[in-house]
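Every number here is computed from the coordinates shown, using simple stated rules; none is lab data. On a predicted model such as this, the values are computed, not experimentally measured, just so you know. Cβ placement follows ideal geometry from the backbone for every residue including glycine, while neighbour counts extend to all protein chains displayed.
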Amino acid sequence: MFAIISKSEGFPISRRIGNDARELVVTWTSDTSARKFIAAKGLDADYEVAALTEDSLNRMAQALGCNADVIEFDAYPD
């Protein structure tokens, strides 16, 4: 799985579902799908695709200000 993160701070693209206070990290099933999303939104200069690894997950958690174990994910519909 892949996430899109801010190049400057590592903050991942996320969204809220309904009235839920949690922000879910949005994921893509392929690098290509995530890159197409970035290009379609004109976000190439500010965001990059990151494979979900232990290291990248820890960096996202640091940017979100939480423990990596509490991050929840939401798959972007391809």
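Taking the fewest neighbouring Cβ atoms within 10 Å as the starting point, the ordered list for F73, F2, F11 is F73, F11, F2. Rounded to the nearest 20, the Cβ-based charge dipole of the chain about its Cα centre (Lys and Arg +1, Asp and Glu -1) stands at 240 debye.
Here the average projected area of the convex hull drawn through the C-alpha atoms of the chain stands at 5.1 nm².
In the chain, Cα pairs under 8 Å separated by at least six residues give a relative contact order of 39 percent. Net length available on complete extension from N67 to E48 is 4.6 nm, with 0.36 nm assigned per residue and the Cα-Cα distance removed.
Looking at the chain, the DSSP beta bridges with both ends there are about 75 percent antiparallel. Fully extending the segment from M1 to Y76 would add 25.9 nm, taking 0.36 nm per residue of separation and subtracting the current Cα-Cα distance.
Considering only A40, P77, I13, and ranking their Cα positions along the charge dipole of the chain that arises from unit charges at the beta-carbon of Lys, Arg, Asp and Glu, the one farthest toward the positive end is A40.
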